[in-house]
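As structure tokens, the structure follows; a few thoughts come after it.
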Amino acid sequence: MSKVSIIEVKTAGQLKQFVKFPMDLYKNNPYYVPSFIKDEIKIWDANENPAFHYSESKQFLAVQDNKVVGRIAVIINHKEEKELDIKKVRFGWIDFIDDTEVSKALIKTAIDYAKEHNINKIEGPMGFTNLDKAGMLTMGFDKLATMIGIYNHAYYPKHLENLGLVKEKEWVEYEMNFPKVLPEKVEKFSGLIAQKYKLSVLKFKSKEEILPYVEPMFKLLDETYKHLSTYTPISDEQIKTYKEKYFPFIDKNYVICVVDENQQLVSFAITMPSYSKALQKSKGKLFPFGWWHFLQAGKKNDRANFYLIGIHPEYQRRGVTAIIFKEIFVRFTSMGINFAETNPELEENKSVQLLWQDYNPVNHKRRRTYSMDVNK
């Protein structure tokens, strides 16, 4: 094989190659789920992605024999450095063929970028922010990916480890067979907790009625996870972007909001029908026919994904989750949902993992970020 060349993405054509490379790499793979090409392109547009207000980034292609054989993006999040005193180069969107020369060239690109900016550490795969996809799959290669999870071949982590990168953070994901009968203690405590704290579940008649609660949800998300060492608050611009990106896929029946007697949001859970197979069929395009597959997935589906869950610190460990899960049970049962899958949760975040303990969760996927001290 000829030498691997690294080319910085500078043209629209190169960006399209960057975005579409994994779709070619995983062609006919039954577990890979593509992203929307249009949305992926927007990520690298400073006018579309508010993270560029406090971040800088470059994207690169690995080329061999005039063929794209890998890709990588490098990111410096200055907000993270300023607010958390964490100085590192994030690398993400990393994909490569099973060739050590390719993976070595890509990681060297991240190392060189770090040295150019007098930064001692690289870590990835991760995006610009906490809400971007993160973590290289290390277990669950034979499981269908979700819309918000990275999928990769089993050889990826082996390549990084052989190059000297080490585990930095670990995420776990769980799958549950949703019960046919609501656990007795959930049934009992949901009513007691609602009465004790004067809480109620909002009933949305239309999706538009959810809109006033979108910003409070993100603010509550900040309150829920601010204790984690790597969490940075979500900006107003990011809230606007995520709302525009994901709101079209929201179904009012999959959004649970719990409020107090003053109608203040104290807890919420956002779930969605699984759109994985719809994304596979759409092949990264909503039009001309991708929308049909999404419409069908929303109408008839036996699988759901948990995406976000937030509980105000004042109500954590007070049984509020019983209210949420009773409501989810009622709705999932009526919609024929038999299986549920969690989003990636940091291994250290035991409080969130305890939420699923009554539903016989099975840890079916693991993922991690890898890091390296570039001065060693």
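Before moving on, here are some points about what is shown:
- Every pair of residues 6+ apart whose Cβ atoms lie under 8 Å, when the first sits in the range 107-121 and is in contact (Cβ under 8 Å) with a residue 12 or more places away in the chain while the second is part of a helix (DSSP H, G or I): Ile107/Leu160; Asn120/Ala114; Lys121/Ala114
- Residue check, Ile76 hydrophobic (A, V, I, L, M, F, W, C) and over 30 Å from Ile328 (Cα atoms): yes
- Pairs meeting the criteria (first residue in the range 24-53 and under 16 Å from Ala12 (Cβ atoms), second residue among the basic types (Lys, Arg), beta carbons under 6 Å, at least 6 apart or on different chains) are Glu48/Lys42.
- The requirement of being touching a residue at least 24 places away in the same chain (Cβ under 8 Å), in a strand (DSSP E or B) and either crowded, with 21+ Cβ neighbours inside 10 Å or assigned by the TED database to the domain that holds Ala114 (or both) is fulfilled somewhere in the range 311-330, by at least one residue.
- As a summary of the residue check, Ala304 satisfies the conditions (1) closer than 24 Å to Val258 by Cβ; (2) part of a helix (DSSP H, G or I) except for the one numbered (2).
- Here Gly284 passes the criteria (1) out of contact with any His (no Cβ under 9 Å at 6 or more places or on another chain); (2) at negative phi; (3) in contact (Cβ under 8 Å) with a residue 60 or more places away in the chain except the one numbered (2).
The values are calculated or read from the model by the stated rules, or taken from the named source; none is laboratory data. Being a predicted model, the structure only gives us computed values, none of them experimental. Neighbour counts are summed over all protein chains in view; Cβ atoms, including those assigned to glycine, are modelled from backbone coordinates with ideal geometry.
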